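Throughout, read-outs are computed from the coordinates displayed, never taken from laboratory work. What you see is a predicted model; the values in this text were computed from it and never measured. Virtual Cβ from ideal backbone geometry, glycine too; neighbours counted across all protein chains shown.
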Amino acid sequence: MNRILIKNANIVNEGAIRQGDVLLEESFIIEIGDSISAEKANLVVDAEGKYLLPGVIDDQVHFREPGLTHKGNIASESRAAIAGGITTFIEQPNTNPQTVTIEKLEEKMEIARKTSFANYSFMFGGTNDNLEELKRLDPKACAGVKLFLGSSTGNMLVDNEEVLEKIFRSTEMVISAHCEDEATIRENLSRFKEKFGDDIPIENHPLIRSEQACYLSSSRAIALAKSTGARLHVFHVSTGKETELFTNAIPLEEKKITAEVCTHHLWFSDADYAEKGTLIKWNPAVKTAADRDALWEALLDDRIDILATDHAPHTLEEKQQVYTSAPSGGPLVQHALVAMLEKHKEGKISLEKMVQKMCHNPAILFDIEKRGYIREGYYADLVLVDPDHAWTVEKSNLLYKCNWSPFEGTRFSSAVTHTFVNGNLAYNQGQFSEGRRVKRLTFNR
Ligand code: DOR
């Protein structure tokens, strides 16, 4: 029996930090205690001075496989994810072909089974014309339904109001929505194009993909969810105004309308466009410092439930094109956790809150079975973090296939040292283990 003992860790879990040991057997956590005998294990990992967190569950990543694999693939990006402490991901349907049939969904599951370094599930993409297929979907087969209520990479806009209402009425699954009003964006874009042609200065991106576009679309989706009783999760909220649409008056378990914020919207502001240019072009756009502050406030007071990445790699060549051609999105999975640890050191967020938003809440929100917590009987998805290990993000230490990062040049003062996926020490101080032990997510539904 393969047993690993993690000794003397500062265990961050369920709202508290305690010092102790955690014993793993095969895929599971079997014991948590103040002091567990080393004789019980074949391998002891000394965690003195380190934090032990549940593996991060990232509910929004784009790993580009199939069809866009020049940007990234499930193997390359999930490998970067585990080096960043993300042990589970939910991947999005805007691949090529799009994940809009059960057959395509299962094909992706099969690629992940063979190549992923992290636990996986996918979202099924709703479109203007796949309602019948969506109705056939087993709610336990995947994480949920994704709707692009604003176009982005992959042309998956759902703009047929009638279909939209039918989708909202016909599934009990979580509907995750990208909310940006297309008509507003088009109008803004044509105004800026008249003035600048294609070479629109990037600082205008948040004026084109504007606060108004976000608010209009999010509030419409919420109104529709309320009138139909659907379970709606609004992805990557990017404006202070939208945070007013969400409540903290009830616990997450009871919410029918939830929200996610992403790393980049908490880290960057429009002041960064001057230095970073189109590298920080995202949909929705990074907006003002006041928006960023309001997002932090809503995350901390529980109006926003989840903190994720929206990891969306494109090649540097693609990103460096003129404004209208440069795609939106950037790679983040390797750096999202250490970026938040930096914010923790700045006093912005407690470790307990980080763990709630990045580990516990995604598990609750998607009904993920036996993950997201450090509990006996749960899968041993765990991350050890050294809070006193400074390093600088450089090309030489990037693991993304696209080989660039919006964080290049940033010095982080914490590092992920060990990542366990289902009890397998998959990442150990820069080294990846030969074997993989990953699982398709199962759901308590
Ligand atoms: O910036 C973005 N890029 N936002 C999205 O919603 C999609 C993503 C992508 O796939 O490139």
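Brief remarks follow.
- Averaging the sequence gap over all C-alpha pairs within less than 8 Å and six or more residues apart, then dividing by the number of residues, gives region 202-292 a relative contact order of 39 percent.
- Cα shape, region 309-370, gyration tensor, a/c 1.5 rule: oblate
- Cα lying deepest toward the dipole's positive end in the chain, options Ile32, Leu337, Val355, charges on Cβ: Ile32
- Around the amide H of Leu157, modelled in the peptide plane, lie the amide H atoms of Ser152, all under 5 Å away and 5 or more residues distant in sequence or on another chain.
- Sorted by Cβ density within 10 Å, fewest first, the residues Met354, Met1: Met1, Met354
- Dipole size of region 191-335 about its Cα centre, with +1 on Lys/Arg Cβ and -1 on Asp/Glu Cβ: approximately 500 debye, rounded to the nearest 20.
- Region 177-238 and region 409-433 have Cα centres spaced 37 Å apart.
- Amide hydrogen neighbours beyond the local backbone of Tyr323, cut-off 5 Å, H modeled: Ile200
- Shown in residue order for region 349-356 are the 3J(HN,Hα) couplings computed by the Karplus curve 6.51 cos²θ - 1.76 cosθ + 1.60 at θ = phi - 60°: 8, 7, 5, 4, 5, 4, 5, 4 Hz (x for Gly and Pro).
- Coupling constants for region 28-34 follow from the phi torsions by the Karplus curve (6.51 cos²θ - 1.76 cosθ + 1.60, θ = phi - 60°), and in residue order they are 10, 7, 10, 8, 10, x, 5 Hz; glycine and proline get x.
- Overall dimensions of the chain as given by Cα atoms, namely Rg and Dmax in Å: 20.9, 73
- What you get for region 184-266, charging only the Cβ of Lys and Arg (+1) and of Asp and Glu (-1), is a dipole of about 320 debye around the Cα centre.
- When the chain is treated as a GNM with alpha-carbon contacts under 10 Å, the residue of Ala47, Ala225, Ala390 showing the greatest mean-square fluctuation is Ala390.
- Separation of region 35-49 and region 248-325, taken as the distance between their Cα centroids, equals 39 angstrom.
- Taken one residue at a time, the phi angles of region 389-399 give Karplus couplings (6.51, -1.76, 1.60, θ = phi - 60°) of 10, 7, 7, 10, 6, 9, 3, 5, 10, 7, 10 Hz. Gly and Pro are set to x.
- Charge sum, other residues only, whose C-beta stays under 13 Å from Thr417's C-beta, Lys/Arg counted +1 and Asp/Glu -1: -3
- Placed amide H near Ala259: partners under 5 Å, 5+ positions off or other chain: Val234, Asp305, Ile306
- Shape class of region 280-328 from the alpha-carbon gyration tensor: prolate, with a/c at 1.5 or above and a/b greater than b/c.
- Under conditions of 25 °C and 0.890 mPa s, region 234-380 yields 151 µm² s⁻¹ as its translational diffusion coefficient, taking Rh as the Kirkwood radius over Cα pairs in the Stokes-Einstein equation.
- Shown here for region 158-200: GluC sites (Glu not before Pro) in loop regions (DSSP other than H, G, I, E, B) with at most 12 other Cβ atoms within 10 Å, namely Glu172.
- By the count of other C-beta atoms within 10 Å, a proxy for reagent exposure, Tyr427, Tyr51 are ordered fewest to most as Tyr51, Tyr427.
- Calculated [θ] (222 nm, deg cm²/dmol) that DSSP helices of n ≥ 4 give over the chain, each run adding -39,500 (n - 2.57): -8000 deg cm²/dmol
- Dipole of region 72-111 computed with +1 at Lys/Arg Cβ and -1 at Asp/Glu Cβ about the Cα centre; of Gly85, Ile111, Asn96, farthest Cα towards the positive end is Gly85.
- Relative exposure of Leu384, Leu252, judged by other C-beta atoms within 10 Å (fewest first): Leu252, Leu384
- Rotationally averaged projected area of region 390-445 (alpha carbon convex hull; nm²): 5.9
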